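Worksheet: the structure to be examined is printed underneath.
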Amino acid sequence: MAPPCAIVIFGSTGDLTQRKLLPALFELARHGRMPDRCALVGFARGETDDAAMRARMRQAAAEAVGPGGLDGAAWERFSTTLHACPGAYDDPASFARLKATLDRLDVEHGTQGNRLFYLAIPPSSYAPVVRNLGAAGLVPRGSGRAATGWTRVIIEKPFGHDLASATALNTEISGALSEDQIYRIDHYLGKETVQNIIVLRFGNGIFEPIWNRRYVDRVQITMAETIGIGSRGRFYEEAGAMRDIVQNHLLQVMALVAMEPPVSFDADTVRDEKAKVFKAIRPIPLEEVDRHAVRAQYGPGTVGGAAATGYRGESNVAPDSVTETYVALRLMVDSWRWAGVPFYLRTGKRMPKTLTEVAIRFTRIPHLLFRDLPEEQQRPNELVLRLQPDEGISLSFGAKVPGADLEIRPVTMDFSYAKSFGAEPTPAYERLILDAMKGDASLFIRADGVRETWSVVQPILDAWAARGKAPIPVYPAGSWGPAEADDLMARDHRRWRNT
Ligand SMILES: NC(=O)c1ccc[n+]([C@@H]2O[C@H](COP(=O)([O-])OP(=O)(O)OC[C@H]3O[C@@H](n4cnc5c(N)ncnc54)[C@H](OP(=O)(O)O)[C@@H]3O)[C@@H](O)[C@H]2O)c1
C-alpha cells in the first residue's frame, strides 16, 4: 500500500491523462491499491471547477472500461478525491494557488504533505513547471526519499530531442530538483513482460550460465506496428522512429537483456548495471553509419488486406518529408560477456504484424551428428520473449518427426501469461504510478541513462541530418521493411527473424 499523498497532474485536460493516467488511477483505487488518504489535483488552463473535472474524468474512465461498464459505486468513492486547480504553467500566481490547494487538501484528506507531481504536458513546458514548482516552495530539494513530506516529479517522454537538449533539460530541472525527486518515465519499463526479463534471467538457474557470447549468436529486438502515424503527423514529423522508439524503449529493453546481474534489486544498483551497458555500446563513427543503421519510410501498400497510404500522404506530413518510420540498428556491446555478439534492433510502422519481442538466437551445435540431414533441419535454439501481444516466452528446439525416417523439425515449449496466470498483466501506468508513490525508482530512467542513450543514437541522427532532404529508402506498407535492412543482416550472413 502506498503512503498517503496528493497527486497533481499537470495537463489534466490532455490526451494522456484521459486515456491512460486517470483510468490507471481509478483502477488502482478500485483494487484497493491507492492510499486510503489521497487527493488528485488536475492542473491545466482548461480546468474550471471540481464538478466539471469529475464529470470529464468519469467519461474518460467509462471509455477506458469499455462495454463492461463503469463500477458506479467505486467511481463515486474515487471521485470525491478529485479536485480542479485551473492554472497556467508559466504563471507564478497559479503555483501559489496550487500550494494553497495542496495545503488545504493535506488537512481535508490527510495527505501529510506527500506530493507526486505528474508532468503530462508538452515537453517545452517541463522546465518552466519545474522552475515554478521550485519557486513556490513546492519541491524542497532532497525530499524524494523523505519519510513524510516527500515530493517527487514524474516527467513524461520525450526527454529531450537530442543529446544537447536532453543534457540542457537535465541541467535545468536539476536546478530545482535533486535526482531522487526525478522520475523520468518510460512506460515500456512498467510492462510485466519487460520486468519478466529480469525474473527470467536472475530468478532462474538455467538461463544465466548460457547468457553470453559463448552460447548466444545474436540478439534481435523488434517492435513492429501495423498502424501508421494516424493523426499524429505533426508530432511524428518532429520525432521519427529513432527518437520515438529506439532511443528510449528499445535501448531500455536491450539494457535489461544485456546487463550484468545486479547485486541487489534496489533502484540505483539496477540502474548502475543498465548504465554500464549503455557505456559499453560501441560508438558508431559518423562515416560508418550506413553499415550499422538503416532508416526508411513506408510507402503506399496493403496492411491486413486494406490499402494503406504512404507516409508522405498522411495528414500534417510534408510531401518531401524524410522522417523515418523504420529503423534497423546493429549494435555491439564491448564487454567480456557480449564481445562479438551483435544486437539487432528494429522498429517500424505499417509492418505486417504488431508485435514486440526479444529473440535470443543461440549458437549452432558444435558437431553435426546427423550429417545426412539438411542443415536447416538442425536449427539453432531460439528463446523468444514476447513482450506484446500474447505475452509469453517460447523456446524452440529440434525434435524427431515421428516415423521410420530420421527427420528433425523445430518445435516450441511455450509459456503464455494468459494461460498460466489466467489474468491480464497489470497495465504499465498503474505499476509505475504506484512505484512512484512508494518511492521506488527502479523502473524510471536516471539522468545518466538519458544521457547515455542519446549518446548512442546521436551520431546516427547527425549523419542523417547532414543529408538534408536526400531521399531515404521506402518500403511498401505491410512489408517487413526495406531491402537495405536485409542487406545489413546479409553482411553478417544472417537474416531477420520475421514471424
Ligand atoms: N498521449 C499519449 O499517448 C502519450 C504517450 C507517451 C507520452 N506522452 C507525453 O505526455 C505529454 C502529454 O501528452 P498528451 O498527448 O496528453 O498531450 P495533449 O493532449 O496535447 O495535452 C497536453 C496537456 O498539456 C496542457 N498544455 C500545456 N501547455 C500546452 C501548450 N503549450 N499547448 C498545448 N497544451 C498545453 C494542455 O492543457 P491546457 O491547454 O488545458 O492547459 C493539455 O492538458 C507529452 O509530453 C507527450 O509527449 C503522451
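Data for the structure
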{"quantity": "³J(HN,Hα), Karplus 6.51/-1.76/1.60, whole Hz, each residue of segment 65-77, x for Gly, Pro", "calculated": "6, x, x, x, x, 6, 6, x, 5, 5, 5, 4, 5"}
{"quantity": "Under 5 Å, built H, 5+ apart or other chain: amide partners of Thr302", "calculated": "Ala308, Ala477"}
{"quantity": "Segment 5-184 - charge dipole about Cα centre, Lys and Arg +1 at Cβ, Asp and Glu -1, debye rounded to 20", "calculated": "200 debye"}
{"quantity": "Ala96 paired with Ile227, simple spin-label distance in nm, labels 7 Å along Cα-to-beta-carbon", "calculated": "4.3 nm"}
{"quantity": "Value at 222 nm in deg cm²/dmol, rounded to 500, when DSSP H runs of n ≥ 4 in the chain each add -39,500 (n - 2.57)", "calculated": "-10000 deg cm²/dmol"}
{"quantity": "Unit charges at the beta carbon, dipole of segment 36-177: most positive-side option, Ala62, Gly42, Ser174", "calculated": "Ser174"}
{"quantity": "Helix 163-173 axis, angle to the chain major axis (alpha carbon atoms, nearest 10°)", "calculated": "30 degrees"}
{"quantity": "Helix 447-466 vs. the chain, principal-axis angle (Cα, 0 to 90°, nearest 10)", "calculated": "60 degrees"}
{"quantity": "Cα centroid of segment 310-338 to Cα centroid of segment 30-93, whole Å", "calculated": "37 Å"}
{"quantity": "Antiparallel bridges, percent of DSSP beta bridges restricted to the chain (to nearest 5)", "calculated": "55 percent"}
{"quantity": "Dipole in debye (nearest 20) - the chain, about Cα centre, beta carbon charges: Lys, Arg +1; Asp, Glu -1", "calculated": "260 debye"}
{"quantity": "Acute angle (nearest 10 degrees) that the helix 92-109 long axis makes with the longest principal axis of the chain, alpha-carbon atoms", "calculated": "80 degrees"}
{"quantity": "Extension gain (nm, one decimal) between Val263 and Ala306, 0.36 nm per residue minus Cα-Cα", "calculated": "10.4 nm"}
{"quantity": "Exceeding the 23 Å Cα-Cα cut-off - candidates Lys157/Lys438; Lys279/Lys469; Lys191/Lys419; Lys157/Lys274", "calculated": "Lys279/Lys469"}
{"quantity": "Pair-distance profile P(r), taking every C-alpha pair of segment 409-491, with 10 angstrom steps and integer %", "calculated": "11, 18, 25, 31, 14, 0"}
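None of the figures in this text is laboratory data; all of them are computed from the coordinates on show. Keep in mind that this is a model prediction, so the values were computed, not measured. Neighbour counts run over all protein chains shown; Cβ positions are idealised from the backbone, glycine included.
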